[in-house]
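Chemist: One structure, as C-alpha cells, below. Some questions next.
All of the numbers you see were taken from the coordinates with simple rules; none came from a lab. As the structure is a prediction and not an experimental result, all values here were calculated from the model. With ideal geometry, Cβ positions are generated from the backbone for all residues, glycine too; neighbour counts draw on all protein chains shown.
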C-alpha cells in the first residue's frame, strides 16, 4: 500500500509538471498547511504547480516532501472555478482528493470544498477570505475552517496577515506571512502562527525557487 501511494504521488507530480504553467519548490524549516495550526515543525520540501490562475478554471497540485528521507507527506489536487473576476473575485474549489501519508506510512484521504474571495483595494492592498470544509474518506474527521485577512505588496516585499477560526477543539488564532524577492525566481519566505486558543506558537522560514 505504501508503494502504491508513493507511486501515485510521483505520477501526479510528473504529469502535473509536464502540463504546468507555473511551479515552484521551496525548502522550508516547516511544512505548509491551509490550517495554520496544522503547520509541521519538521523540515520539508514544498512542491507547488498548476495551470494559469488567471483563467476561469484552474488546476493545482500541492505536495509536501519530508526533507530527512524524501518521502512525501501529502499530495493535494485542487480544482478551482472563478464565479466573479472583477475587482471583487469569488472562486469555488474542490480538493480531489487530499492524500496524507503518516509517519508509520498509513494513508488517510480527505475530500474538501473551498470558497475564496479577494477584493483589491488598490495596487498595494487587498482583503481576502477562505472557507474550507474537509471530511475524511477513510477516517472519522470533519472540519470547518474560516480565515480572513489583509495582503500587502510593494516592490519586492509582500505580506499577509490573517485571523482564523477552526471548529476542531474550538481553535482560533492569528498568523503572519512575509515574502521578499531575492531575484527573478528566488524568494525568501517567513511564516508565524499564534494559536490563541491554546497558546501554541510556530514559525517557519523557507527559500522558494520558481520555474
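Chemist: Suppose only helical runs count, i.e. DSSP H with n ≥ 4. What mean residue ellipticity at 222 nm does that imply for the chain under -39500 (n - 2.57) per run, divided by all residues and rounded to the nearest 500 deg cm²/dmol?
Modeler: -3000 deg cm²/dmol
Chemist: Once fully extended, how much extra length lies between residue 88 and residue 201, figured as 0.36 nm per residue of separation less the alpha-carbon to alpha-carbon distance?
Modeler: Taking residue 88 through residue 201 to full extension adds about 37.4 nm, to one decimal.
Chemist: Can you figure out the FRET efficiency of residue 105 with residue 125, using R₀ = 45 Å and their beta-carbon distance, to the nearest 0.05?
Modeler: Step by step, r from the Cβ atoms, then E = 0.50.
Chemist: Could you state the number of Å between the C-alpha centres of the range 136-185 and the range 49-114?
Modeler: 14
Chemist: Please give the length that would be gained between residue 41 and residue 57 if that part of the chain were fully extended, namely 0.36 nm times their separation in residues minus their C-alpha to C-alpha distance (nm, one decimal).
Modeler: Length difference between fully extended and current span is 2.4 nm.
Chemist: Now a separate question. Under the 0.36 nm per residue contour assumption, what length would be gained going from the current alpha-carbon distance of residue 169 and residue 188 to full extension?
Modeler: Between residue 169 and residue 188, full extension yields 3.6 nm more.
Chemist: Still on this model: Roughly what would the spin-label model give for residue 159 and residue 139, points 7 Å off Cα along C-beta, in nm?
Modeler: 3.5
Chemist: Evaluate the relative contact order of the chain (contact order divided by residue number), counting alpha-carbon pairs under 8 angstrom at least 6 apart; express in whole percent.
Modeler: 14
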